[in-house]
1. Among the residues of segment 207-221, is any more than 30 Å from Leu279 (Cα to Cα), open to solvent by 70 Å² or more (accessible area, probe 1.4 Å) and not in a strand (DSSP E or B)?
2. In this structure, is Thr173 β-branched (Val, Ile, Thr) and open to solvent by 50 Å² or more (accessible area, probe 1.4 Å)?
3. Could you check Gly251 against (1) among the small types (Gly, Ala, Ser); (2) part of a strand (DSSP E or B); (3) under 27 Å from Ala174 (Cα atoms) and say which number it fails?
4. Just a yes or no: is a residue in segment 362-383 in contact (Cβ under 8 Å) with a residue 40 or more places away in the chain, part of a loop (DSSP other than H, G, I, E, B) and surrounded by 19 or more Cβ atoms within 10 Å (Cβ to Cβ)?
5. Pairs please, first residue from segment 551-569 and of a type in the set (Phe, Trp, Tyr), second anywhere and open to solvent by less than 30 Å² (accessible area, probe 1.4 Å) and assigned to a strand (DSSP E or B), Cβ atoms under 6 Å, 6+ apart in sequence or on different chains.
6. Right, Ala487: open to solvent by 30 Å² or more (accessible area, probe 1.4 Å), among the hydrophobic types (A, V, I, L, M, F, W, C) and at pLDDT below 80 or not?
7. I'd like the full set of residues that are within 23 Å of Ser62 (Cα to Cα) and modelled with pLDDT of 75 or more, limited to segment 491-521.
8. Mind listing just one residue for me: the one in segment 528-560 that is open to solvent by less than 50 Å² (accessible area, probe 1.4 Å) and within 19 Å of Glu348 (Cα to Cα) and, of those, modelled with the lowest pLDDT?
Amino acid sequence: MKPSIKKGIIITSICAFTLVGIKFYLNSTNKIDVNSVSTLNTGYWDNPSTSTGLVSNSDRQSVLYDASKTITQVFVQEGQQVNSGDPLLSYDLTTLQSAVDTSQLDVEKAQNAIALAEHELKKLLNTTPIPDVVEEPEIQDHTPAPLPGVPEKNGNGLYPYILSLSQAEKNFTAYKIYYTSTTSEAPEKGPHEKASLWKEEREMKESNNTCWYWIEYTYTDGSTNAYDSKDVVEYYSDKQQIPNKEIFLAGTKQNPYVFKLSENQGFVYGKLFLDNANLNQYLRFDVYTNDGDIDSSWLVRCDKFTTIQSINEGDMYSVISHTKEEQKYVEVEQKPSQDLSSGYTEIELAKAIRDKKQELKTLDLGLKKAQLSLSENKALLNDGVIRAKRSGIVRNIKKTSDSLQDGNTFLEVAGGQGTYIKGSISELMLNQIKVGDTISAYCWTSGETFDAKIQSIDTVPSSNSNYNGSGNPNVSYYDFEAYAKDASKIQAGEYLELTFNSAGDTTSSIWLSKAYVKQEGNKYYVLKDVHGKLKKQYVTVGKIVWGDTMEIKDGLSDTDYIAFAYSKNAKEGVKTQKSSEATS
């Protein structure tokens, strides 16, 4: 064998062993998240073994008080025997029409809410989950930032953010009083315009003259106030105090040096305090909002503040907190982050789908109640009279003058005939349900649970489809009637949740998104966590609904953990870890 060929074989072998080693290392270190089946189980909102129904003929008839409808007359009394069709009370037709209009609006609102929820559900079912992103913990840098240096002067020769006493707002550092006397009004001109009228000595008050004084202030910037005759003050006696109130020069507590700062410049450098550390002066810093209002204010005595603080020229002091800004200088590497606001992780998507299906079920119940209310109100528009639906005894009757609230019982007719309910059966259950079977009913209003026996099942599909937001539009429904002997707390018109107690019901309780199930030939499998590693688990698949949700009939339980089947690393033998959401 030629040396070159031998050398090539050796190099190839080394590369192959190296690749195998790298692959082995990656498989040993990579881990994939697994989630609990119980969490991913979306349920099936159109389970044919459940349905909704309503009480068609109750053991008692209750007439509820409705403040929107005015009662004009009550035809019965407590304990009175009535027959089916007898009038019980009447409503004002005008208020009835208003109630019909309101009921119509309620129906339309419920229909719109269902249409919106259906649209949102379809979007969720067509959503591809995003991978879980585990945020790396932020590493805190506790290294103190270097103190900022004193900034250089700008083009106007001023230090930005470094204030001096000459920049204070119109605080006066000195004042001088001028006096004059006239025969009537105060002079129109001041001491600098007409010096002959004014003196720095006090004028004596006489009976034929009027005495005046005016104060000239010298401000921190060296300017003085202009003379205005409106500022001239009259004095009436030689004993009168002048000025009439004590004058505090700039720097006193009553008249501190005032600095105006804007919102984004609400801090001062330590240089100002150091420059005036030997002065017994008060400084006040006012921070103004963009609207011109004072947001915060800070009064400081310069010499005392300097002695109790360790101050550098470059230190910045916050006017709001009255303390040094302890800033950190931290350089953070900017890493591209994934925008999670527009997506769901696998477990979040499963929860969102389940919640939306439950919302649709609740909205459907609300629509049925609104439709029933509309139907009842329309039926009363002819003459406004409510009639007895069965023979019985009137009881618990109230007076229109009583203090009543909406929903309170106004009167009842007790019949003692048992309770009849109406519902519908999916065609998928027709071969499992027959007349004489028992169903379980739950009343949403009263919370009562009771059993009823099926009396009849229609032989033709219902023209009024059960699909009002919670039924399958591709399945026909057949109406049935059932009788409940003991259901004392429910009344006609109330809606029920019905469960068919069929021995042949094999409907699975596990429904998974197709994202967790893979097909291999004519078989289906999931990637299941077995002792910390992924392993293929073959499952028996039933119905597929909405093009996304699959029924798992066998091979999986709620206590198992499975991985997202289409993840890049999802394969047998990969180590697993329970997702943070599954363990929280």
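1. The answer is yes, given that some residue of segment 207-221 is more than 30 Å from Leu279 (Cα to Cα), open to solvent by 70 Å² or more (accessible area, probe 1.4 Å) and not in a strand (DSSP E or B).
2. Details: β-branched (Val, Ile, Thr): yes; open to solvent by 50 Å² or more (accessible area, probe 1.4 Å): yes.
Here the answer is yes, as Thr173 does meet what is asked.
3. Against the list (1) among the small types (Gly, Ala, Ser); (2) part of a strand (DSSP E or B); (3) under 27 Å from Ala174 (Cα atoms), Gly251 comes up short only on (2).
4. Step one: filter segment 362-383 for residues in contact (Cβ under 8 Å) with a residue 40 or more places away in the chain, giving 363-374, 376-378, 380-381, 383.
Still in the running and part of a loop (DSSP other than H, G, I, E, B): 381, 383.
Okay, now just the ones that are also surrounded by 19 or more Cβ atoms within 10 Å (Cβ to Cβ), so none.
Looking through segment 362-383, none of the residues is in contact (Cβ under 8 Å) with a residue 40 or more places away in the chain, part of a loop (DSSP other than H, G, I, E, B) and surrounded by 19 or more Cβ atoms within 10 Å (Cβ to Cβ).
5. Within 6 Å, the pairs are Tyr561/Val34; Tyr561/Ser36.
6. Numbers: open to solvent by 30 Å² or more (accessible area, probe 1.4 Å): no; among the hydrophobic types (A, V, I, L, M, F, W, C): yes; at pLDDT below 80: yes.
No.
7. Taking segment 491-521 as the starting set, the residues that turn out to be within 23 Å of Ser62 (Cα to Cα) are 491-498.
Result: Glu494, Tyr495, Leu496, Glu497, Leu498.
8. Among them, the one singled out is Asp548.
The values are calculated or read from the model by the stated rules, or taken from the named source; none is laboratory data. Just so we're clear, the structure is a prediction, and the values are computed from it rather than from any experiment. Every residue, glycine among them, receives a Cβ derived from its backbone with ideal geometry; neighbour counts consider all protein chains shown. Ligands, DNA and RNA are excluded from the accessible area calculation, which covers all protein heavy atoms including side chains. Shrake-Rupley method; radii C 1.70, N 1.55, O 1.52, S 1.80 Å.
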